[in-house]
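Everything on this sheet refers to the single structure shown next.
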Amino acid sequence: MVDGQPSLQQVLERVDEWMAKEGLLDPNVKSIFVTCGDWDLKVMLPGQCQYLGLPVADYFKQWINLKKAYSFAMGCWPKNGLLDMNKGLSLQHIGRPHSGIGQSLHISPWQLDDCKNIANIMKTLAYRGFIFKQTSKPF
């Protein structure tokens, strides 16, 4: 579903513009991405950037893997990712699995499902007193 969509280079430029606009590139501001697994930022993005000859911004080199955070907080590994984490926290799963934020200006509600589920899980763990820390290893 990428025909007619911006290239990876264009998307990365938009992310950088957004990070700057939101003040997230200020060295005095702490921010970190949250993922449901390590693969996207540890393997896929660096590999695709290397293939295309694009640099990987430093802010993509550290993240919180929600699966690891959940396992630290709850004492068990969420084998089925968001579905298991929602179940383990007695949360209702929102929408369809693997539906992240869409790239177009017209975002369908289902395209935000993974983001909403991740936010709900984080909010619930934080409410229970869990302190989130970076789980990725420095590059």
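The values are calculated or read from the model by the stated rules, or taken from the named source; none is laboratory data. Here the structure is a predicted model, which means the values were calculated and not measured. The protein model used for the area step is the full one, side chains on, heavy atoms only, and it has no ligands, DNA or RNA in it. Shrake-Rupley method; radii C 1.70, N 1.55, O 1.52, S 1.80 Å.
The table below lists the values:
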quantity	calculated
Once the Cα gyration tensor of the chain is diagonalised, semi-axes √(5λ) in Å	26, 19, 15
Residue of G95, G47, G23 that the Gaussian network model of the chain assigns the largest fluctuation, springs spanning Cα pairs under 10 Å	G23
F60 accessible area, assembled protein chains, probe 1.4 Å, Å²	20
Candidate residues W63, W77: accessible-area rank, largest first, probe 1.4 Å	W77, W63
With DNA, RNA and ligands ignored, accessible area of I32 (1.4 Å probe; Å², nearest 10)	60
